[in-house]
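Below: the structure, in structure tokens.
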């Protein structure tokens, strides 16, 4: 099986690559309320793109504009080179899968999947043949004669997915598709969804509020806040190099501290902070002396030791207030002498036979490159 987008041909990295979906200046207002504000977005063929954000941030409204269920107040949307302004939902090369699944309870699984094809006038034999093909893909061929209430939540989700894909859309829009599943089943289904998307090569846009889900599924993520896309990037980029405090705090766990640029040398820059004293970070030519900035540090980037590491330029003493053991990882909350609480973590694969525990005096150290400096 070949992935829809090969790892070495990511089109968003290539200058001049033509996007499959192009959104320009898209805005949607409901009276005085602006749900989506001046969004520019390019999505490429074969992507599994996630719109990620809190409830009410505008991600579902943007999805509905792509589907044609909402019209932009201003701006344009193009899909596969065609302006969608005058194209109704049923004539767009899209299909949409809703969180509720919206299955017909009185129909069997195969009839649910074939329903849209039959409505379009396809011969019954061909419609059910295509429905059977999709049910085999989602591994539900043995449940074809059952009714939806005889299925588990995960099985109903796959029926809805098969029904959405059986009409062979160029673009599938999924609004919180795994939200109704429990945690374990949701994690299992994420990988099934990736396999199906890669097999078919259909472009998927998934709306979710679940950061872990977006990080697992996506080729790229668009993080939304208050109707605006704060940052677009690959999962690693969003996690390692957030462009704002909001993105840093929204994706995973982060330690944030405030400071000012104090001085710069060719190979190092010093920040002065109220909680950590002087902090050394890599030089950044776009920053000026006295400028207010924020540092963002992921918990796993701290080293936690009983003795101060030799040669460490960023090191602070504290004591362990809390510790949590979660199998592969130990999580620590360390209170520094300044009073600041730091969240640090350590892989248990690296731990020795005498692990650090509660109430111990420890040192936290940090390489300058582990600090992401933010200006907003």
(message) Percent of Cα-Cα pairs more than 19 Å apart in the range 266-318, please.
(response) 35
(message) Restricting to Cα pairs below 8 Å that are 6+ residues apart, what does the relative contact order work out to for the range 187-300? Please round to a whole percent.
(response) 18
(request) Could you rank the peptides 286-294, 362-370 by their average count of other C-beta atoms within 10 Å per residue, with the highest value first? (result) 362-370, 286-294
(request) With r as the distance between the Cβ atoms of residue 55 and residue 199 and R0 = 30 Å, compute the FRET efficiency 1/(1 + (r/R0)^6) and round to 0.05. (result) 0.40
(request) Find the Cα radius of gyration of the chain, compare it with 2.2 N^0.38 Å by division, and give the number to two decimals. (result) 1.18
(message) Give me the one-decimal nm value for the distance between modelled label points at residue 322 and residue 349, 7 Å along each residue's Cα-to-Cβ direction.
(response) 2.7
(message) Which of 319, 106 has the fewest other C-beta atoms within 10 Å, and how do the rest follow up to the most?
(response) 106, 319
(request) Multiply the residue gap between residue 142 and residue 10 by 0.36 nm, knock off their C-alpha separation, and tell me the result in nm, one decimal place. (result) 43.8 nm
(message) So the label point goes 7 Å from the Cα of residue 369 along Cα→C-beta, right? Which residues of the range 305-325 then have their backbone N under 20 Å from it?
(response) 309-315
(message) Would you report the distance distribution of C-alpha pairs in the range 255-374 as whole percents per 10 angstrom bin, up to the bin with the largest distance?
(response) 13, 44, 29, 12, 1
(request) Pairs of Cα atoms under 8 Å, at least six residues apart: use those to get the relative contact order of the chain, whole percent. (result) 15
(request) Let me have the 222 nm mean residue ellipticity of the chain computed from DSSP H runs of 4+ only, each contributing -39500 (n - 2.57), with the sum over all residues rounded to the nearest 500. (result) -6500 deg cm²/dmol
(request) Pull up the DSSP beta bridges for the chain and report the antiparallel fraction as a percent, rounded to 5. (result) 75
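One quarter of the convex hull surface, Cα atoms only: what value does that give for the range 10-61 in nm²?
Directional mean of the projected Cα hull area for the range 10-61 stands at 4.3 nm².
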(request) Compute the distance in nm between two label points, each set 7 Å from the Cα along the Cα-to-Cβ direction, one at residue 71 and one at residue 38. (result) 2.4
(request) Specify the angular offset, from 0 to 90 degrees and rounded to the nearest 10, of the alpha carbon long axis of helix 109-119 from the longest principal axis of the alpha carbons in the chain. (result) 70
(request) Once you've got the GNM for the chain with C-alpha springs shorter than 10 Å, pick whichever of 225, 28, 147 has the biggest mean-square fluctuation. (result) 147
(request) Just order 148-154, 323-329 by mean Cβ neighbour count inside 10 Å, highest at the front, would you? (result) 148-154, 323-329
(request) Round to a whole angstrom and tell me the spacing of the C-alpha centers of the range 253-271 and the range 155-217. (result) 41
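Arrange the following residues from fewest to most other Cβ atoms within 10 Å of their Cβ: 97, 224.
By the 10 Å Cβ count, ascending, the order reads 97, 224.
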(message) Output the 0 to 90 degree angle, nearest 10, between the alpha-carbon long axis of helix 124-137 and the longest principal axis computed from the alpha carbons of the chain.
(response) 20
(request) Compute the acute angle (0 to 90°) between the alpha-carbon long axis of helix 153-165 and the principal axis of greatest extent of the alpha-carbon atoms of the chain; round to the nearest 10°. (result) 60
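Readers should treat all values here as calculations from the given coordinates under stated rules, not as data from a laboratory. In this text, all values refer to a predicted model and were calculated from it rather than measured experimentally. Cβ atoms come from the backbone with ideal geometry, glycine included; neighbour counts cover every protein chain shown.
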